[in-house]
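Novice: Below is one structure. I have some questions about it.
The numbers here are math on the coordinates, done by the rules we state, and not lab data. Not measured: the values here are computed from a predicted model. A quick note on method: Cβ atoms are made from the backbone with ideal geometry, for glycine too, and the neighbour counts reach across all protein chains shown.
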Amino acid sequence: MTFLFSPDVQPPALEPAAVRREYAAQIEAALTRQLYRGSGPPTLLMLLSGLSCVGLLWGHAHDLLLGALLGWLTLLALLRLWQTVAFQRASAAEQAAPNWRHTFLLGAAASGMTLAAVGVLLMPLAGPRLQALIYGLLAAAIISASVSYAASLRTFLAFAIPGLLPSSLFLLRHGDPELQGWGVLGLILLPALSVSAWQINRGWQRNLLRRFQNQALLEYQEQARRASVQTNLELAGEVRQRQRVEAELRTAQRALEERVSERTRALTASELARRQEEAERRYLADHDALTGLANRSLLLQRLEEVATRPPQHDREVALLHLDLDRFKRLNDSLGLAAADGILRETARRIEGCLHQAELIARIAVDEFAILLEVHADGDGLEPLARHLLALLRQGMAVGEQELVISASLGIALLSGAGGDPARLLNQATIAMRHAKQLGGNSVQFYRDSLQGGSRERLLLEAQLDKALARGQLEVFYQPRLTLGAERLRSAEALVRWRHPDYGLLAPGSFIALAEETGQINAIGDFVLRRACAQARAWQREGLAELSVSVNISMQQLRQADFVAGVAAVLAETELPAPLLELELTETQLSDNVEDVAAQFRRLRALGVRLAIDDFGTGYSSLGYLKHLPVDVVKIDKTFIRELDGSEQGGDAAITRAIIAMGHSLGLEVVAEGVEQPAQLDFLRRHGCDEIQGYLISRPVEAGAFAALLRAQGREVGVPA
Ligand code: C2E
Ligand code: MG
Ligand code: MG
């Protein structure tokens with residue numbers, strides 16, 4: 001294991017003085033131990049020397065003295081040996097006590113004095129040869145003790161000074177030169193021994209110093225090691241603590257990251273939801289919720305964008321404005337859900353037909369706008385528009401019934417509008433209105449001449465409101481010739497507006513408007529009343545038993561009190577019900593055959609005759625006829641117009657078929673718009689019951705019609 005030294009552990013001071021200071025007690029103890037350890041042999045040697053001296057002097061000195069010396073010597077030696085044994089048995093701590101030193105010092109001093117006593121008291125008693133021997137023995141004892149007591153200079157001195165000095169001085173003062181010589185020798189020996197003891201002592205001191213320096217170093221190392229261990233333990237603890245904290249931090253961080261990512265996920269989810277909502281909001285702001293098409297706002301935006309595009313020489317931008325014919329009535333009669341269904345289906349059909357369109361928008365309840373890029377010469381636009389109208393006129397299933405709807409389409413070109421998007425939309429709208437005025441189900445391109453027409457229309461609308469009250473509406477009559485009988489038996493009442501500025505206006509210029517504005521009810525009522533009254537008047541005048549045919553609109557028929565109103569008019573005018581015929585155009589009929597049938601039944605119950613006008617222009621012409629209580633079908637003039645007397649051609653075939661079918665259903669068949677004798681011949685050939693057309697007469701005022709009737713009374717027959 002690697003220890004790191006703690007900076008808290010200071011290295012020891014190793015200078016001798018410092019070590020001596022630091023380890024004074026231990027040094028003392030070590031020296032004491034050294035004293036005791038080395039005291040055995042000198043003590044024994046001293047005892048031996050003493051005993052030898054006693055033995056040598058035996059007989060030369062007083063026996064008592066020798067005996068006492070012997071006893072003392074033995075006692076002292078035993079005491080010192082006992083002291084040594086006691087010391088060695090003591091524990092290290094006990095050995096450090098200072099009294100061990102003191103007793104050793106005492107023992108040494110006693111030994112020294114004992115040797116001095118031997119030298120002073122016994123020496124003179126012996127002969128010179130014996131003296132030399134005794135001094136030799138004493139010197140040997142002193143030298144050996146001095147060397148072993150050198151561990152403590154005080155002990156050495158306490159032993160050596162009493163051991164040598166008194167006896168040497170005593171001998172010097174003795175008259176005998178030989179003894180004086182020994183005295184001199186003793187005096188020389190004392191410093192010589194002192195020097196040796198001092199050097200030995202220094203050696204000991206150095207050793208001890210080195211030992212304690214080493215010990216200091218070892219202790220320092222140990223301390224440092226412990227400190228390192230402690231430090232390492234603390235470090236390890238710190239490392240563990242740090243690891244724990246790091247682990248906690250990591251856990252916390254993971255938890256935080258988890259929370260962050262959860263939050264991020266939540267945020268992302270809510271952000272997604274917000275964006276989706278935003279996109280939906282934006283989508284709804286730009287789109288029509290019912291059909292999913294763009295709305296007017298998006299159309300206007302796109303028109304602006306398109307208008308800012310650099311013009312391309314071979315491309316042109318066209319705007320188609322489409323309005324469903326009679327939608328208001330459909331809405332009123334079928335209810336909102338069905339009307340919504342019609343709008344959705346219309347949108348789908350437009351999309352299906354004009355998938356190349358840049359934008360298809362629903363810009364009002366039943367109005368759609370289509371933005372198209374076309375070839376610069378506009379080629380193909382009209383066929384495309386007609387195809388769209390034809391598609392829209394295909395039967396549409398609404399609930400359990402099948403309806404045929406038609407639309408009016410106005411087209412304007414961006415170049416024609418001078419690149420102005422607002423003007424483009426306006427022009428397309430004007431063209432669409434014109435198409436509507438022409439009876440609907442048609443396409444009109446914008447041209448500048450329509451501009452006035454559109455203003456006129458607004459004006460006309462306001463004026464039509466007052467036309468009835470101002471007596472500007474009149475009823476014209478167009479005769480119907482009964483073939484076979486060759487008589488004018490009936491007349492169709494056709495409304496006219498004698499306009500103060502524009503003169504006599506045909507229904508084509510205001511009936512559609514009246515239907516849109518709802519004025520048709522009042523107008524229809526006026527025509528019915530006027531026609532019935534007129535027919536009754538002619539009858540009264542004896543001109544003819546004339547039946548009168550009045551055009552009614554779906555709006556009128558849908559009125560709950562319509563039948564009652566008719567009954568009231570008949571009662572009022574006293575016209576027999578069978579002389580009144582009501583005409584409903586086939587295209588209007590297709591809106592709601594069931595309701596029409598119910599109303600027709602009620603009308604028929606009054607005795608009124610019923611006719612389907614413009615027969616052949618609707619779609620399911622044949623299908624409903626057998627369910628409808630009608631008396632007459634009027635072949636539309638478009639079929640008659642093409643007849644040239646030959647049997648060839650589609651119109652001839654259709655006309656033949658209608659006559660045959662009408663008859664097979666027990667209906668009277670009337671042909672409208674007969675202008676040519678050849679047409680008359682054809683119809684006559686195929687058994688058509690009645691004809692109506694300019695060939696017989698244009699619609700004329702009541703007076704003129706009366707004249708016709710009178711003329712008929714004079715010369716019955718068909719004009720040539
Ligand atoms: P309609 O009921 O089919 O009437 C016949 C239309 O054909 C009349 O047009 C008549 O003038 C025209 N006509 C008759 N013979 C010929 C012919 O030989 N050649 C040509 N080219 N046209 C011929 P008009 O009077 O302009 O009326 C147009 C339509 O207006 C009528 O068509 C009818 O649907 C509607 N209408 C007229 N008066 C009323 C009315 O009082 N109430 C309603 N709801 N509609 C009316
Ligand atoms: Mg008619
Ligand atoms: Mg007609």
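Novice: Residues in segment 393-410, backbone N under 14 Å from the label point at Ala337 (7 Å along the Cα-to-beta-carbon vector): list them, ranges by number please.
Specialist: It comes to 398-401, nothing else.
Novice: From the P(r) of segment 298-447, could you give the percentage of C-alpha pairs in the tail past 23 Å?
Specialist: For segment 298-447, the fraction of Cα-Cα distances above 23 Å is 33 percent.
Novice: Next question. Mind checking the angle between helix 650-664 and the chain's longest principal axis? C-alpha axes, 0 to 90 degrees, to the nearest 10.
Specialist: 80
Novice: Then there's this: FRET efficiency for Glu94 and Leu133, Cβ-Cβ distance as r, R0 = 35 Å, nearest 0.05?
Specialist: Using R0 = 35 Å, I get an efficiency of 0.25.
Novice: Additional query: Longer than 27 Å from Cα to Cα, which of Lys466/Lys634; Lys436/Lys626; Lys328/Lys466 are they? Say none if no pair is.
Specialist: Lys466/Lys634; Lys436/Lys626
Novice: Which percent, to the nearest 5, of DSSP beta bridges fully inside the chain are antiparallel?
Specialist: Values: 42 of 68 bridges.
In the chain, DSSP labels about 60 percent of beta bridges as antiparallel.
Novice: Let me know the Kirkwood hydrodynamic radius for segment 16-219, please, with Cα pairs as the basis and the value in Å to one decimal.
Specialist: Evaluated over segment 16-219, this radius sits at 17.8 Å.
Novice: Okay, which of segment 651-695 sit inside 16 Å, backbone N to the point 7 Å along the Cα-Cβ direction of Asp644?
Specialist: 651-653, 675-682
Novice: A follow-up question, please. From the alpha carbon gyration tensor of segment 93-167, can you work out the equivalent ellipsoid semi-axes (sqrt of 5 times each eigenvalue) and give them in Å, largest to smallest? Could you put the intermediate results ahead of the total?
Specialist: Values: eigenvalues 159, 25, 14 Å².
So the three semi-axes of segment 93-167 are 28, 11, 8 Å.
Novice: Please sort 566-573, 369-376, 316-323, 276-283 by packing, taking for each peptide the average over its residues of neighbouring beta carbons within 10 angstrom, highest first.
Specialist: Final packing ranking: 316-323, 369-376, 566-573, 276-283.
Novice: Given the alpha-carbon gyration tensor of segment 561-720, what are the semi-axes of its equivalent ellipsoid in whole angstrom, ordered largest first, with each equal to the square root of 5 times an eigenvalue?
Specialist: Gyration-tensor ellipsoid for segment 561-720: 27, 23, 12 Å.
Novice: Here's a follow-up. Using a simple charge model, +1 on the beta-carbon of Lys and Arg, -1 on the beta-carbon of Asp and Glu, nothing else, what dipole does the chain show about its Cα centre, in debye to the nearest 20?
Specialist: For this selection, approximately 5920 debye.
Novice: So what is Rg over Rh here for the chain, counting just Cα atoms and using Kirkwood for Rh?
Specialist: Taking Rh as the inverse mean 1/r over Cα pairs, Rg/Rh reads 1.97.
Novice: Here is a further query. Could you run the Debye sum over the Cα atoms of segment 402-512, one equal point scatterer each and no solvent, and tell me log10 of I(q)/I(0) at q = 0.16 Å⁻¹, two decimals?
Specialist: The calculated log intensity ratios at q = 0.16 Å⁻¹ are -0.85.
Novice: A further question follows. Using a Förster distance of 60 angstrom, determine the FRET efficiency expected from the C-beta separation of Arg210 and Arg265, and round it to 0.05. Before the final figure, lay out the partial values.
Specialist: Working: r = 77 Å, r/R0 = 1.29.
Working from the Cβ atoms, E equals 0.20.
Novice: Also, quick follow-up: Per the Kirkwood definition applied to all pairs of different Cα atoms, how many angstroms is the hydrodynamic radius of segment 453-580?
Specialist: 15.6
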